[in-house]
Amino acid sequence: MKKGFVPTENFKRLKEAEKLVAKRGALEAGLVLVRGVYGIGKSMLTERWATDSGYVFVRAKETWTKHTVLREIATKMGLSTHGAAAEVQDRIIGQLAVTMTPLIIDEADHLVDRRSASMLEVIRDITDITGIMCFLVGMEGFPVLVARHAHIASRVARIVELEPLSVQDVQTTVTAKAEVPMSADVVAIIHQHAKGRMRLVLNAIANIEQWAQANSWANVELAHIKGRPLCPEFTSQSAAASAKGAR
C-alpha cells in the first residue's frame, strides 16, 4: 500500500472549523470538540493533520493525571518536564503564548467523566491564557460529557462531526493508497463492506492487494473479489461463531 495522506470530506470539515474558530469573538472560547464513531479514521486524520501543520499532537490515556497531561504536552513541545505541575504548565503557556500553535488531543474522552473535568481544566487554563485553539478528539458521546461541566462547555467554540466515509472518499482513498487499480464497482463494494470506516477500508485495500499479487491481477474487477471477505470485523457474533466452530 502506498504511503500518503488522504484529504477526505472529514479533513475539509476540520479545516473549515479551524477557519471559523480562528475568527471567534471570545478569545477564551478556543476549544473545538471533534467527535465520530470508532474506526472512521479520527486518530489517523488528526495526527497527520498535526504533523503537516506543525501542531502539537498528543494521545490521551486512561492512566493520565493532571501532571501527566502537562508532561506529555511539554515533551511534544521539546520543553523540560522537571518540577511541579505548575512549573511545567508555565513553560507550556510561555511558549504557546508566543507561537500560538494549536493543540490536538486525541482520545480526549479520557480527560473527562461525569464527576470530574480536572484534566480538561488544565487544558482550559492553557487556552484561556494563551488564546490558542485546542482540538479535543473523542467518540460520538464525548460532547455530552463535556456539557456536564458548564465552566468547560462555555469555552467550546464548535463541535465537528466526523462522518462515515462516502463512496467518493473511498474512491479518493483507493486512488491515493492502492498499488493496483480497482474498478468503480470494487470501490462501491469496499464502501459497502467497510460501512464508511477508514480502518476497514484500509484493511480491504491491503487484502485486495495481496490477492492481486498472488494471482497476477493487473487491475481488480468485481468478479475477482466476488464472495471474498474484504475486511472482516471482530464482533461478538464472530467471536461466538469462532468458539462454536472450535468445539
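The values are calculated or read from the model by the stated rules, or taken from the named source; none is laboratory data. Just so it is clear, the model here is predicted, and its values are computed rather than measured. Here Cβ is always computed from backbone atoms with ideal geometry, including for glycine, and neighbour counts include all displayed protein chains. These area figures cover heavy atoms from the full protein model, side chains too; ligands, DNA and RNA do not enter into them. Shrake-Rupley method; radii C 1.70, N 1.55, O 1.52, S 1.80 Å.
Among the residues of segment 1-13, those that are open to solvent by less than 50 Å² (accessible area, probe 1.4 Å) and either charged (D, E, K, R) or closer than 15 Å to Glu163 by Cβ (or both) comprise Val6, Thr8, Asn10, Phe11. The residue pairs whose first member lies in segment 52-65 and is in contact (Cβ under 8 Å) with a residue 60 or more places away in the chain and at positive phi, whose second member is among the hydrophobic types (A, V, I, L, M, F, W, C) and open to solvent by 90 Å² or more (accessible area, probe 1.4 Å), and whose beta carbons are closer than 7 Å, counting only pairs six or more residues apart or on different chains, do not exist in this structure. Among the criteria (1) of a type in the set (A, V, I, L, M); (2) in contact with a strand residue (DSSP E or B) (Cβ under 9 Å, 6 or more places away or on another chain); (3) buried (at least 21 other Cβ atoms within 10 Å of the Cβ), the one Leu70 does not fulfil is (2).
In the set Glu16, Glu62, only one residue is of a type in the set (Asp, Glu), in a loop (DSSP other than H, G, I, E, B) and open to solvent by 50 Å² or more (accessible area, probe 1.4 Å); that residue is Glu62. Note on segment 121-215: enclosed helices (runs of 4 or more DSSP H) holding 2 or more residues that are under 22 Å from Glu9 (Cα atoms) are 142-147, 167-177, 184-194, 198-215. Among the residues here, Val137 does not qualify as free of Cβ contacts under 8 Å to residues at least 40 places away in the same chain, in contact with a helix residue (DSSP H, G or I) (Cβ under 6 Å, 6 or more places away or on another chain) and either open to solvent by less than 40 Å² (accessible area, probe 1.4 Å) or closer than 30 Å to Val6 by Cα (or both).
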